[in-house]
Amino acid sequence: MSDTKNKQGNRFFILQRQLCRRRLWLIAAVVLYMVMYYPVAVVMLIARSNEVAKLQNMSPELTLSQRLVEVGTWIGMRQGFLWVIVLMAVILAIHGFSYLFSMEKQDFYESQPISRMERFWSIYANGFLIFEIPLVIGMFLSIVLAMVMNGMSMVTFVDAMLELVRLTIIFFSSYSLGILAVMLTGNLVVSGIMAVLLMFADQACVALVQSFENMFYKTYCFYGQRNSTFLLSPFYNAMAPSRWINSNYHFRYARMNLIQLKDLLSYCWKADLVSILVGATFLAISIALYRKRKAEYAGMTILYRPVRTVIRIAVSVAAGLFAGQVIINLFNSPTSRTGTVFMMVGIVFVTVLCSGVVEMVYELDIWKFFVKFWEIAAAAILAAGIFVMFRYDLLGYDRYVPKESEVESAALYVYNDNSFYYPMEQNAEESTGDETHVLEDMKLTDISSVLAVTGPGMELQREESDDSNAVKGWGAEVCYRMKDGRKVYRSITIPYSLDADVLDAITGSIEYKEGLMPVYSDRAVSETAEKNGTLTFCNGFRSLSGNGALYREFAKAYRKDLEHYSFRQMNEENSIGRVSFEAYRPCYMSMDFDVYPSYENTIAFLQSNGLYPEETKAEDIEGMTVTEYTDNSSSSAEFTETEEIQDILKHSMMLVSSNWKDSTGVDYQYGISIALKRGEASYFSLNFWEGEIPAFVLKGLEENRVQNDDGEMDDGFLQ
């Protein structure tokens, strides 16, 4: 028994040596990549960090942190270049089993004193070892070198070990996919194409679905595209950390701690588990096909008719739908009658054409275009059916409003709200915008009020999309967090006519204010940001700036005023200015806060710190430039007389107003820019009230339009 095991073990190593001799170029390529990516690159990254720290005179603590960031983002779970691992796995798989594409090679191997399954596992193990041994050695060499150069911590080490496991999983699933591609095909070129199809088919399907949703569903929300955690594709699942980072920008180049590492792992583990299951399934199917494979299959395209049928129909349908998208771009509206007819005809025509071409490629015969006509018909009917389903919303996407009992919490993001761009964690080195923060952080639990807004909002959104010039409400996005774990996103238009009590119930809640305003959390502004930041107040004419250290005092005063924050307050009052906080360290951040006449605490803060400019009068203005915008041209006129300036101010409003301000009654065809006698230009523009444009302004614009028929335009005082 012992002798038998020894002989089997010796034969395994003999086979591995023989296989390695035939694959020296692949081994050299893998080893070179692992050496350059891990030990060499880590040394270079740490050396670069030290050089940057020296040039910027960083403290020892900050220098160490910078080293750990460099090493962690390169060899840990946030590393890039995962596509190289996927490509490497597919190449090793196809190369290892490429002998199946030649009858001569098969005859040679079959004549050897070794069973088919032993040969399969020997080749399989050889490819796996060619990848895994250099990977493990390269990873551990980089860790040792990082330790020697003081660029390693316990968290970074754990991060690297987790990534080592992930890379093995990624390789396993991609390697199994590559082997399956070989078992389904009969030549090298087609096996490569098959591997690409298997790798990206589900992603292409998702992309097509999302593009059709965006095209035909009036309430489609782009933010909802971020929902997919995993698919069947090994490549897509390999990129799970990148998708997590896209939703958590502040972790992209931040020093990782155990809590953050746990969050990242909790996001990725499902994708990794799916990769293991997919890899095992692909491997099992490959073994079954390998057992049944015949030598005469060599040189064929796709070996099995059912697989040919599925691929023929799937590729043809995808090509037809893609062609439909190209065609519809020629029309102003994808839902117009003419556009619909042309799109339908184009989809069916391209689907039929592609189906015939695929069969010609299968058979390598131009006269096989109409072979298996039922497959052509099935593809055309399926493509047309998918188009009709989206075009006429047969699934009720635009009519879907969840039941109150199904929703755990919700978020409401209104477009053109105060601009916030800040980190979610103190000292984080990346920040993100207000849309992400609101849709991720806001937790509204008064679901009945939310549904009272989103129901009419979806109805108006469907109407608004048919006439983009008819502005009847506030654009917004809603996120429903369902009790079953799903997140449902919709774009809506909240009607101006909606009951103010309903909007007050939402906007006046502490949940809404905390989810929207960063002043409720000290995480928004760190001590570093305060030291190098700037706090500015602009009333539309003049701005005054102070040190960023004033931020916390401002935030306290602003929170006090926000106790009375509501829809009615913002709708009835006009903003008198805006407070802005801007900083560049530890990351860029910018936040704007509108100030209203009723914000007594904020106004008192601004006045006590010398940040409240005196009221600007007509006598302080050197001149105004009014610009008229039309579809085909524009015209400008300058006004410098005090009486004219007073009249313009009387009939205009400053657009420093909240997103909840009803925009009806404002004439957006005319813009007003201001130049002060002190040489300052106004930060915000003015707009006339609808129907209140002074006659002398219209006359000046008309005269100037005649003077500027040559296409040139006077830019006025703001040049």
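The values are calculated or read from the model by the stated rules, or taken from the named source; none is laboratory data. For clarity, every value in this text was computed on a predicted model and none was experimentally measured. Cβ: placed from backbone, ideal geometry, glycine included. Neighbour counts: every protein chain shown.
Determine whether segment 137-149 contains at least one residue that is assigned by TED's automatic domain parsing to the domain that holds ARG22, in a loop (DSSP other than H, G, I, E, B) and either touching a Lys or Arg at 6+ places or on another chain (Cβ under 7 Å) or at pLDDT below 95 (or both).
Within segment 137-149, the first condition is being assigned by TED's automatic domain parsing to the domain that holds ARG22, and the residues that meet it are 137-149.
Now narrow it down to the ones that are in a loop (DSSP other than H, G, I, E, B): 149.
Now drop any that are not either touching a Lys or Arg at 6+ places or on another chain (Cβ under 7 Å) or at pLDDT below 95 (or both), which leaves 149.
Yes, segment 137-149 contains a residue that is assigned by TED's automatic domain parsing to the domain that holds ARG22, in a loop (DSSP other than H, G, I, E, B) and either touching a Lys or Arg at 6+ places or on another chain (Cβ under 7 Å) or at pLDDT below 95 (or both).
Which numbered condition in (1) part of a helix (DSSP H, G or I); (2) in contact with a helix residue (DSSP H, G or I) (Cβ under 6 Å, 6 or more places away or on another chain); (3) touching a residue at least 60 places away in the same chain (Cβ under 8 Å) is the only one that GLN210 fails?
With (1) part of a helix (DSSP H, G or I); (2) in contact with a helix residue (DSSP H, G or I) (Cβ under 6 Å, 6 or more places away or on another chain); (3) touching a residue at least 60 places away in the same chain (Cβ under 8 Å) applied to GLN210, the lone miss is (3).
Would you mind stating whether ILE645 is surrounded by 14 or more Cβ atoms within 10 Å (Cβ to Cβ), assigned to a helix (DSSP H, G or I) and not assigned by TED's automatic domain parsing to the domain that holds PHE537? Spell out the reasoning first.
On the way: surrounded by 14 or more Cβ atoms within 10 Å (Cβ to Cβ): yes; assigned to a helix (DSSP H, G or I): yes; not assigned by TED's automatic domain parsing to the domain that holds PHE537: yes.
Yes; evaluated as a whole, the condition is true for this residue.
Report, by residue number, each residue of segment 171-190 that is in a helix (DSSP H, G or I) and at pLDDT below 95. Explain how you work it out, then say what you get.
The first filter runs over segment 171-190 and keeps only residues in a helix (DSSP H, G or I), leaving 171-183, 188-190.
Listed by number, the residues that qualify are LEU188, VAL189, VAL190.
How many residues are out of contact with any Ser or Thr (no Cβ under 7 Å at 6 or more places or on another chain), among the aliphatic types (A, V, I, L, M) and under 30 Å from ALA298 (Cα atoms) if we restrict to segment 166-217?
So the answer is 10.
Quick one: GLN79 ticks every box in (1) polar (S, T, N, Q); (2) modelled with pLDDT under 95; (3) over 27 Å from the mean Cα position of the chain (by Cα) bar one, so which box is it?
Of (1) polar (S, T, N, Q); (2) modelled with pLDDT under 95; (3) over 27 Å from the mean Cα position of the chain (by Cα), only one is false for GLN79: (3).
Just to check your reading of the model, which residue among THR340, THR335 is in contact (Cβ under 8 Å) with a residue 24 or more places away in the chain, outside any helix (DSSP H, G or I) and outside the structural domain of PHE212 (by TED's automatic domain parsing)?
Details: THR340 fails: outside any helix (DSSP H, G or I).
Within the list THR340, THR335, the selection yields THR335.
Only one of these is assigned to a helix (DSSP H, G or I), under 30 Å from SER98 (Cα atoms) and in contact with a Lys or Arg (Cβ under 9 Å, 6 or more places away or on another chain): SER355, SER316. Name it. Reasoning before the result, please.
Details: SER316 fails: in contact with a Lys or Arg (Cβ under 9 Å, 6 or more places away or on another chain).
Unique residue meeting the criteria: SER355.
So PHE157 clears everything in (1) part of a helix (DSSP H, G or I); (2) of a type outside the set (Lys, Arg); (3) surrounded by 18 or more Cβ atoms within 10 Å (Cβ to Cβ) except one condition, right? Which one?
(3)
Of the residues GLY279, GLY299, which is in a loop (DSSP other than H, G, I, E, B), small (Gly, Ala, Ser), in the same structural domain as ALA195 (by TED's automatic domain parsing) and closer than 30 Å to ARG119 by Cα?
On the way: GLY279 fails: in a loop (DSSP other than H, G, I, E, B).
So the residue among GLY279, GLY299 that is in a loop (DSSP other than H, G, I, E, B), small (Gly, Ala, Ser), in the same structural domain as ALA195 (by TED's automatic domain parsing) and closer than 30 Å to ARG119 by Cα is GLY299.
Taking TRP121, is it under 30 Å from THR156 (Cβ atoms) and at pLDDT 90 or above?
The answer is no for TRP121.
Among the residues of segment 282-296, what is the count of those that are part of a helix (DSSP H, G or I) and in contact (Cβ under 8 Å) with a residue 40 or more places away in the chain? First the steps, then the outcome.
First pass over segment 282-296, keeping only residues part of a helix (DSSP H, G or I): 282-292, 295-296.
Keeping just the survivors that are in contact (Cβ under 8 Å) with a residue 40 or more places away in the chain gives 282-283, 285-287, 289-291, 295-296.
So the count comes out to 10.
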